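Here's the structure we're looking at; comments come further down.
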Amino acid sequence: MKTVVIATRNEKKLAEIRAILAGSVRVLGLSEVEQDLPEVEEDGETFSDNAIKKAVTIARITGLLTLADDSGLVVDALGGEPGVRSARFAGEETTTGKNNALLLERLQGVPEARRTARFVCVIALADGTGLLETFEGTCEGIITLSPRGSGGFGYDPLFFLPERAVTFAELEPLEKNRISHRGRALEQAARHLHQRVATG
């Protein structure tokens, strides 16, 4: 079975990716690779920039097929913020709680009709020779007035899906994986990986 390194130390994100790719490839997190791997600074201007940088850097060091993602929340009323700074919205040394609180504060007084947002995920696949492919997935929603649900992570308790009348944090993990931005991008990546495995 082909091995793929997932270029993240975020255990919740790694668990989501493992669940989606289960059975198709052998998945290794960065902590499972027996090499001293650097923290790759996410200083790109786009999700694609960051995903490519992480995938290519780790693939060149390990020599293994590497998958990296960069994802975040794009809020229309905030001109696309927090965007690529989603994990650091409230500062470099921040927490999920602080990020969520700042988002609600910035949207205070904004009516529901203008609280439209989307999660975006770009996945990059690389090997020791460089970038192979990128894949993008999005999921549309609305930012709630207050957190709802205890599942998921990040902005999930604030991201409401009108067609299901729940937030991401209220979804069962399997359902979230099926419809999320990351799930949609990974579905494309998984098809590509299957083809690579099938053709040797």
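The values are calculated or read from the model by the stated rules, or taken from the named source; none is laboratory data. Because the structure is predicted, anything quoted here is derived from the model rather than measured. Here the Cβ is made from the backbone with ideal geometry for all residues, glycine too, and neighbour counts use every protein chain on show.
Hey, among the residues in the range 11-32 that are touching a helix residue (DSSP H, G or I) at 6+ places or on another chain (Cβ under 9 Å) and assigned to a loop (DSSP other than H, G, I, E, B), which one's modelled with the highest pLDDT? This residue is Val25.
Considering each residue of the range 37-60 in turn, at least one proves to be crowded, with 17+ Cβ neighbours inside 10 Å, more than 30 Å from Leu171 (Cβ to Cβ), among the basic types (Lys, Arg) and in contact (Cβ under 8 Å) with a residue 12 or more places away in the chain. If you take the residues in the range 137-152 that are assigned to a strand (DSSP E or B) and touching a helix residue (DSSP H, G or I) at 6+ places or on another chain (Cβ under 6 Å), which one is surrounded by the fewest Cβ atoms within 10 Å (Cβ to Cβ)? Applying the filter and picking the extreme gives Thr138.
Condition check: closer than 30 Å to Val27 by Cα, of a type outside the set (Val, Ile, Thr) and part of a helix (DSSP H, G or I). Does Ala87 satisfy that? Yes; evaluated as a whole, the condition is true for this residue.
If you go through the range 98-127 and keep only what is in a helix (DSSP H, G or I), modelled with pLDDT of 95 or more and either surrounded by fewer than 19 Cβ atoms within 10 Å (Cβ to Cβ) or among the hydroxyl-bearing types (Ser, Thr, Tyr) (or both), you end up with Lys98, Ala101, Leu102, Leu104, Glu105, Arg106, Arg114. The set of residues from the range 41-74 being assigned to a loop (DSSP other than H, G, I, E, B) and either over 21 Å from Thr96 (Cβ atoms) or of a type in the set (S, T, N, Q) (or both) comprises Asp43, Gly44, Glu45, Thr46, Gly63, Leu64. If the condition is being closer than 17 Å to Ile17 by Cα, in a loop (DSSP other than H, G, I, E, B) and either more than 12 Å from the chain's Cα centre (by Cα) or free of Cβ contacts under 8 Å to residues at least 24 places away in the same chain (or both), then the range 153-184 contributes Leu171, Glu172.
Within the range 15-31, no residue that is exposed (fewer than 15 other Cβ atoms within 10 Å of the Cβ) sits with its Cβ atom under 9 Å from a residue that is at pLDDT below 85 and in a helix (DSSP H, G or I) at 6+ positions apart or across chains.
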